[in-house]
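Chemist: First the structure, then my questions, so here it is.
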Amino acid sequence: MLIRKDGKRIPGRLMSPFRELNERGITRDNYHLHLDEMTDSEITAMLDWTEGKEYMDEMRKAYPQQTDRTYAEFNRDF
């Protein structure tokens with residue numbers, strides 16, 4: 001979904017970076033297969049979307065030495 005400056009969402013529109021990922025064929029169902037093609041910020045956004053922002057924030061606080069890329073690679077491998 002696209003979010004306007006006033007904070008309201010426009011149905012049917014993906015917000016960045018999801019729009020760019022979608023154009024490259026990367027979705028929430030297959031992103032773990034494309035980690036090498038993704039930037040760190042794209043991985044962070046995808047983890048917040050697929051795993052849940054609250055859960056990921058808890059993990060980041062509990063294990064600050066781990067990167068989001070490491071979390072995504074772990075999810076891919078296990």
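The values are calculated or read from the model by the stated rules, or taken from the named source; none is laboratory data. Since the model is a prediction, treat every value here as computed from it, not as a measurement. Quick reminder, even Gly has a Cβ in these numbers, built from the backbone with ideal geometry, and neighbours come from all protein chains shown.
Chemist: Regarding PRO11, is this residue at pLDDT below 90 and loosely packed, with under 15 Cβ neighbours inside 10 Å? Walk me through how you get there before you give the answer.
Modeler: Values: at pLDDT below 90: yes; loosely packed, with under 15 Cβ neighbours inside 10 Å: yes.
In short, yes.
Chemist: Among the residues in the stretch 56-70, are any modelled with pLDDT of 90 or more and touching a Ser or Thr at 6+ places or on another chain (Cβ under 7 Å)? Full working, then the answer.
Modeler: Keep residues of the stretch 56-70 that are modelled with pLDDT of 90 or more, which gives 56-70.
Going one step further and asking which of them are touching a Ser or Thr at 6+ places or on another chain (Cβ under 7 Å), we end up with 68.
Yes, there is a match, as at least one residue in the stretch 56-70 is modelled with pLDDT of 90 or more and touching a Ser or Thr at 6+ places or on another chain (Cβ under 7 Å).
Chemist: Okay, moving on. Quick check: is even one residue across the stretch 32-52 among the acidic types (Asp, Glu), more than 13 Å from the chain's Cα centre (by Cα) and over 16 Å from GLU20 (Cα atoms)?
Modeler: no
Chemist: Taking the stretch 26-78, which residues are of a type in the set (D, E, K, R) and not in a helix (DSSP H, G or I)?
Modeler: Step one: filter the stretch 26-78 for residues of a type in the set (D, E, K, R), giving 28-29, 36-37, 40, 42, 48, 51, 53-54, 57-58, 60-61, 68-69, 73, 76-77.
Listed by number, the residues that qualify are ARG28, ASP29.
Chemist: Suppose we filter the stretch 22-65 for residues that are buried (at least 16 other Cβ atoms within 10 Å of the Cβ) and among the aromatic types (Phe, Trp, Tyr); how many remain?
Modeler: Residues in the stretch 22-65 being buried (at least 16 other Cβ atoms within 10 Å of the Cβ) and among the aromatic types (Phe, Trp, Tyr): 1 in total.
Chemist: State all residues of the stretch 27-42 that are touching an Asp or Glu at 6+ places or on another chain (Cβ under 7 Å) and at pLDDT below 95; if no residue qualifies, say none. If you could, list the steps in order and put the result at the bottom.
Modeler: Filtering the stretch 27-42 down to residues touching an Asp or Glu at 6+ places or on another chain (Cβ under 7 Å) leaves 35, 40.
Hit for the stretch 27-42 is ASP40, nothing else.
Chemist: List, please: which pairs have Cβ atoms under 8 Å, are six or more places apart or on different chains, and start with a residue in the stretch 32-45 that is closer than 13 Å to THR70 by Cβ and end with one that is of a type in the set (Val, Ile, Thr) and surrounded by fewer than 17 Cβ atoms within 10 Å (Cβ to Cβ)?
Modeler: Every condition considered, the pairs that remain are ASP40/THR67.
Chemist: Okay, moving on. Do any residues in the stretch 17-28 that are within 12 Å of MET46 (Cβ to Cβ) have Cβ atoms under 8 Å from those of residues that are small (Gly, Ala, Ser), where the two are at least six apart or on different chains, and which pairs are they?
Modeler: PRO17/SER41; PRO17/ALA45; PHE18/ALA45
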